[in-house]
1. Suppose we filter the stretch 23-61 for residues that are assigned to a loop (DSSP other than H, G, I, E, B) and either open to solvent by less than 60 Å² (accessible area, probe 1.4 Å) or within 16 Å of ligand 1 (Cβ to nearest atom) (or both); how many remain?
2. Taking the residues in the stretch 18-77 that are among the polar types (S, T, N, Q) and away from ligand 2 (no atom under 14 Å from the Cβ) as candidates, determine which candidate is modelled with the highest pLDDT.
3. Scan the stretch 52-78 and report the pairs whose first residue is in contact (Cβ under 8 Å) with a residue 24 or more places away in the chain and whose second residue is open to solvent by 70 Å² or more (accessible area, probe 1.4 Å) and part of a strand (DSSP E or B), with Cβ atoms within less than 9 Å and a gap of 6+ or a chain change.
4. Please go through (1) away from ligand 1 (no atom under 16 Å from the Cβ); (2) assigned to a helix (DSSP H, G or I); (3) in contact with a strand residue (DSSP E or B) (Cβ under 7 Å, 6 or more places away or on another chain) for Ala137 and return the number of the only condition it doesn't satisfy.
5. Quick test for you: out of Glu156, Glu197, Glu160, pick the one residue that is more than 16 Å from ligand 2 (Cβ to nearest atom), more than 17 Å from Leu26 (Cα to Cα) and either of a type in the set (Phe, Trp, Tyr) or not in a loop (DSSP other than H, G, I, E, B) (or both).
6. Can you find a residue in the stretch 356-369 that is modelled with pLDDT under 95, polar (S, T, N, Q) and more than 21 Å from Arg173 (Cβ to Cβ)?
7. Out of the residues in the stretch 328-351 that are in contact (Cβ under 8 Å) with a residue 60 or more places away in the chain and part of a loop (DSSP other than H, G, I, E, B), state the one that is surrounded by the fewest Cβ atoms within 10 Å (Cβ to Cβ).
8. Looking at the stretch 310-327, is at least one residue in contact (Cβ under 8 Å) with a residue 24 or more places away in the chain, charged (D, E, K, R) and not assigned by TED's automatic domain parsing to the domain that holds Ala43?
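The values are calculated or read from the model by the stated rules, or taken from the named source; none is laboratory data. Computed from a prediction, not measured in an experiment: that's the story for all the values here. Cβ atoms come from the backbone with ideal geometry, glycine included; neighbour counts cover every protein chain shown. Surface areas here come from the heavy atoms of the whole protein model, side chains and all, with no ligands, DNA or RNA. Shrake-Rupley method; radii C 1.70, N 1.55, O 1.52, S 1.80 Å.
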Amino acid sequence: MSSSGHGRTWPLVGRAAELDDLDELLATAAGGQGVTVLLEGAAGVGKSSLVEALRGSARLLDVRLSTARASSMRPWPFALLSDALLQGASRSPLELELAGILATLYAAPTVPDDEIARVGAMFADLLRSRGASRPWALVLEDVHESDAASLDVLHELAHEGALHHALVILTMRPVPYRADLAAVVAAWTRAGARHVELRPLSSRASVELAEHLVGGDVGPSLRGTLAMAGGNPRFVTDVVRTARSTGALVTEGGVHDVSGSAWQVALDDVVRRRIYYLGSEVLELLGRASVLGTSFVMTDLALLAEEPVADCWRTLRHGLAAGVVRARGDRLVFGHDLVRSALYDGLDPDDRRALHARAAKALQEAGAPAQIVANHLDRAR
Ligand SMILES: Nc1ncnc2c1ncn2[C@@H]1O[C@H](COP(=O)(O)OP(=O)(O)OP(=O)(O)O)[C@@H](O)[C@H]1O
Ligand SMILES: [Mg+2]
């Protein structure tokens, strides 16, 4: 199976189980019973690709599929719901009426709260009634960026339970945290919504994806860099695309591999842009952590950062929620070594040396082996 959704021209890999689950839920909705799914996963883990793959099944089951993607660039009231529900060619009288009201509302300099409430109630009616003649699926993507009015409607509807004859899928990243979204998620959880957490791809699936991208077998150096992607398909595609665009990708005897290390500077740049959304405070602390290696102990980072342990936890919780680091007791592990090395390479050289000197001291005091301390001292020079 191959899809051109989101520009993807290669098959979906490693998601057979998840796709089966969604297909089954779609069939349940087609049978008349409403289902709501909260699909959560880190940036680039493949949420959109998975829901995109539902298109084929929806066609087969004759389920009408309405999709829209929220964007913080479109914060006006009901932007998400109107994109999902009011853009079709053949619109019902209620849909036409709503579209007309919204046009007036958007043209007005200010919108009174009671008007927002009235339109919200109309959207709720539309969502309730849409499945009357034919089952349907509603995919609302990136609800962490949704306009507040659309979230309010979803919140209200959660009190009534799943929409009849509908599969509703909300996709979201775990960060940024939003209190109004957390309330929607809690309300739908109480209403029996299914939580699907999309995990990183297995290393086998990551290599399979890379093989599709390069069009053949993948050599050892490229495999080494792919292993640093931590199963994130977006990072896998970044690795292959950057290798190709910088001319580092070479083919010998039918095997595709990377040569030289110069291309990694370009890759670092791409990866740093991908994690920019975490914000400067988190990135600064993670940059310091990168000096300690792929995994590190929180108290050591606190010494290095000269901050109390509790403050470090508070800052890093966003990185934890985003899956950039994972906690194992007091120890933290970078989820993708690509991210660690991009942060490390991005440090100012003088700062990096100073951080290694501080790390040597902190680790020595904490009783780390002499060799580890010596490695830091080496890099402090
Ligand atoms: N299972 C997969 N098989 C093949 N390619 C995939 C798979 N999952 C994701 N990709 C590719 O990885 C990239 C990121 O995927 P996608 O956009 O679906 O992630 P996302 O979780 O929706 O990200 P975001 O949080 O930014 O919305 C895309 O280029 C996509 O085509
Ligand atoms: Mg997406």
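1. Residues in the stretch 23-61 being assigned to a loop (DSSP other than H, G, I, E, B) and either open to solvent by less than 60 Å² (accessible area, probe 1.4 Å) or within 16 Å of ligand 1 (Cβ to nearest atom) (or both): 8 in total.
2. Among residues in the stretch 18-77 that are among the polar types (S, T, N, Q) and away from ligand 2 (no atom under 14 Å from the Cβ), the one modelled with the highest pLDDT is Thr36.
3. Ala58/Arg64
4. Ala137 satisfies all of (1) away from ligand 1 (no atom under 16 Å from the Cβ); (2) assigned to a helix (DSSP H, G or I); (3) in contact with a strand residue (DSSP E or B) (Cβ under 7 Å, 6 or more places away or on another chain) except (2).
5. Selected residue: Glu156, the only one of Glu156, Glu197, Glu160 that is more than 16 Å from ligand 2 (Cβ to nearest atom), more than 17 Å from Leu26 (Cα to Cα) and either of a type in the set (Phe, Trp, Tyr) or not in a loop (DSSP other than H, G, I, E, B) (or both).
6. Yes, the stretch 356-369 contains at least one residue that is modelled with pLDDT under 95, polar (S, T, N, Q) and more than 21 Å from Arg173 (Cβ to Cβ).
7. Restricting to residues being in contact (Cβ under 8 Å) with a residue 60 or more places away in the chain and part of a loop (DSSP other than H, G, I, E, B), the top hit is Gly346.
8. Checking the stretch 310-327: not a single residue is in contact (Cβ under 8 Å) with a residue 24 or more places away in the chain, charged (D, E, K, R) and not assigned by TED's automatic domain parsing to the domain that holds Ala43.
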